[in-house]
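Have a look at the structure below, then the notes.
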Amino acid sequence: SIIQSQDWDGEDSEMLMKIAMAEAEGESVEGKALVMLVVLNRVWSDGFPDSIEEVLFQRNQFSPVREGGRYWTTKPNDECREALELVISGWDESQGAMYFEAADNESGWHSRSLEFLFQYGGHKFYR
């Protein structure tokens, strides 16, 4: 699978686990894995930067990475590690999603501008 062909280091893994914790702490292992897959789908897409770090820190994309945001204060839990293992093993139910938002956001930019794919837990996913 494309995932296993990626050359990741520990730092990339840590970044994926931290963004999953910051964005989806209350979600299941699969919910956390889906957040990671949105990041990876962007890395593999031509429309976004080519590294996990550059995708995460692209301006105005992931709110937890802003100064003082949850990305900087949170510590990944065991579920984040499980989610990473799931993703590395080739699990991908993301349908190519490039964006997500809180499911209770009724009238956001996402729903007006993007193709809705599915809802999982507390997030809606778009492409």
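The values are calculated or read from the model by the stated rules, or taken from the named source; none is laboratory data. This structure is a prediction, so every number in the text was calculated from the model and none was measured. Every residue, glycine among them, receives a Cβ derived from its backbone with ideal geometry; neighbour counts consider all protein chains shown. We work out accessible area using only protein heavy atoms, side chains counted, and drop any ligands, DNA or RNA first. Shrake-Rupley method; radii C 1.70, N 1.55, O 1.52, S 1.80 Å.
Just the residues that are assigned to a loop (DSSP other than H, G, I, E, B) and basic (Lys, Arg), please, taken from the range 72-97. Selection gives 75 alone.
For the range 84-100, the criterion of being open to solvent by 80 Å² or more (accessible area, probe 1.4 Å), of a type outside the set (A, V, I, L, M) and touching a Lys or Arg at 6+ places or on another chain (Cβ under 8 Å) is met by at least one residue. Close contacts from the range 85-107, counting a first residue that is hydrophobic (A, V, I, L, M, F, W, C) and a second that is surrounded by fewer than 16 Cβ atoms within 10 Å (Cβ to Cβ) and not in a loop (DSSP other than H, G, I, E, B), with Cβ to Cβ under 6 Å and a gap of 6+ residues or different chains, come to 103/119. Taking the conditions exactly as written (at pLDDT below 95, within 19 Å of residue 17 (Cα to Cα) and either open to solvent by less than 60 Å² (accessible area, probe 1.4 Å) or in contact with a Ser or Thr (Cβ under 6 Å, 6 or more places away or on another chain) (or both)), does residue 122 satisfy them or not? Yes; evaluated as a whole, the condition is true for this residue. The C-beta contact set for the range 24-37 (first residue touching a residue at least 40 places away in the same chain (Cβ under 8 Å), second residue open to solvent by 30 Å² or more (accessible area, probe 1.4 Å) and of a type in the set (A, V, I, L, M, F, W, C), distance under 6 angstrom, 6+ apart or interchain) comprises 33/86.
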